[in-house]
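Working notes, structure below.
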Amino acid sequence: MDSAQMRLLKEIQLTEFTVTEATLYLDTHPDDQEALRYYQSAKQRLDTKTAEYQAKYGKIMAGENGQMRWAWVDEPWPWQMEG
């Protein structure tokens with residue numbers, strides 16, 4: 001995995017965390033319009049980064065394309081990455 005791919009993957013992971021946390025907050029504060037805008041912005045960023053990753057490096061999650069073999073097992077695991 002080259003450094004550009006690793007950097008993009010880390011951006012996706014951070015943004016996924018942000019989206020998850022914003023979702024949890026909105027579960028308990030559904031009328032918070034500022035939080036909703038924040039969530040929408042983060043979700044758009046996540047979708048954009050995920051599409052960029054998939055265009056450059058292939059599917060990001062196992063089984064997304066219906067294959068029986070999961071190619072992601074050929075890449076280093078997160079704890080095996082430098083960094």
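Think of a 1.4 Å ball rolled over the protein heavy atoms: the chain then has 76 Å² of accessible area per residue. Between the Cα long axis of helix 3-28 and the first principal axis of the chain there is an angle of about 30°, rounded to the nearest 10.
Compute the convex hull volume of the Cα atoms of the chain, divide it by the residue count, and report the result per residue in Å³ as a whole number.
Working: hull volume 9.7 nm³, N = 83.
Dividing the Cα hull volume of the chain by its residues yields 117 Å³.
Charges only on Cβ, +1 for Lys and Arg, -1 for Asp and Glu: so what's the dipole of the chain about the Cα centre, in debye to the nearest 20?
With Lys and Arg at +1 and Asp and Glu at -1, about 300 debye.
Using a 1.4 angstrom probe on heavy atoms only, work out the carbon and sulfur share of the accessible area of the chain in %. Walk me through the numbers before you get to the answer.
Values: 3450 of 6310 Å².
After summing per-atom areas, the C and S share lands at 55 percent.
In the chain, the longest principal axis of the Cα atoms and the axis of helix 33-57 are about 10 degrees apart. When the Cα positions of Ala4, Leu46, Phe17 are compared along the charge dipole of segment 1-50, Ala4 comes out farthest toward the positive end, with charges on each C-beta of Lys, Arg, Asp and Glu.
The values are calculated or read from the model by the stated rules, or taken from the named source; none is laboratory data. Remember, it's a predicted structure, so these values are computed and weren't measured experimentally. Every residue, glycine among them, receives a Cβ derived from its backbone with ideal geometry; neighbour counts consider all protein chains shown. For accessibility, only protein heavy atoms count, side chains too; no ligands or nucleic acids. Shrake-Rupley method; radii C 1.70, N 1.55, O 1.52, S 1.80 Å.
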